[in-house]
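Taking it in order: structure first as structure tokens, then the write-up.
The values are calculated or read from the model by the stated rules, or taken from the named source; none is laboratory data. Every value quoted in this text rests on a predicted model; they were computed, and no experiment measured them. All Cβ positions, even for glycine, are placed from backbone atoms using ideal geometry, and neighbour counts span all protein chains on display.
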Amino acid sequence: MDRVVLGTSMLLDRMCPGGGWNAGNGVAFGVPCAPYVDATAIALLALRGHEPEPGIRDSLTWLVNHLVSCPSPYSLAWGILGLAAYQRYDAAHDLLDHAAANLASLIEKNWPADVCTLAVCALALDAVDGENVFEV
């Protein structure tokens, strides 16, 4: 089996019921686990190009619904990066400017102390304009 197919299948297998991902399995001991904004965005970035797969649209919808109220600059930045990769998805395109404004406001109020958060925030703000920040 191809490594890409195997990786895609494994990632989709870890999806939480209803869409989205967390840091582990979607279900543990028969109990559905809650997805996280950052983990969902990172998984969606990894699955770009696999839009027809079941659950991708549900995960995008989950991310759109939870990004607006995200209080963490780190998670919000990853969420913006994830949605920016799917700008053809109408709800993602409509939300990006609003999410970027929220991120800028969070940064102004409390400048990120760690370099990782600051870097992800900078990448996210560039990605809103349609730039693929992961291409060389």
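Assorted remarks:
- Any hit, the stretch 27-50, residues being surrounded by fewer than 22 Cβ atoms within 10 Å (Cβ to Cβ), assigned to a helix (DSSP H, G or I), in contact with a Pro (Cβ under 7 Å, 6 or more places away or on another chain) and in contact (Cβ under 8 Å) with a residue 24 or more places away in the chain: no
- Residue check: Pro54 meets all listed conditions (1) exposed (fewer than 14 other Cβ atoms within 10 Å of the Cβ); (2) modelled with pLDDT of 95 or more but one, namely (2).
- Screening the candidates Trp62, Trp21 for the property of being touching a residue at least 40 places away in the same chain (Cβ under 8 Å), under 14 Å from the mean Cα position of the chain (by Cα) and over 21 Å from Gly130 (Cα atoms) yields one hit, Trp62.
- Among the helices (runs of 4 or more DSSP H) confined to the stretch 61-136, the ones with at least 3 residues that are farther than 22 Å from Met15 by Cα and modelled with pLDDT of 90 or more are located at 90-109, 115-127.
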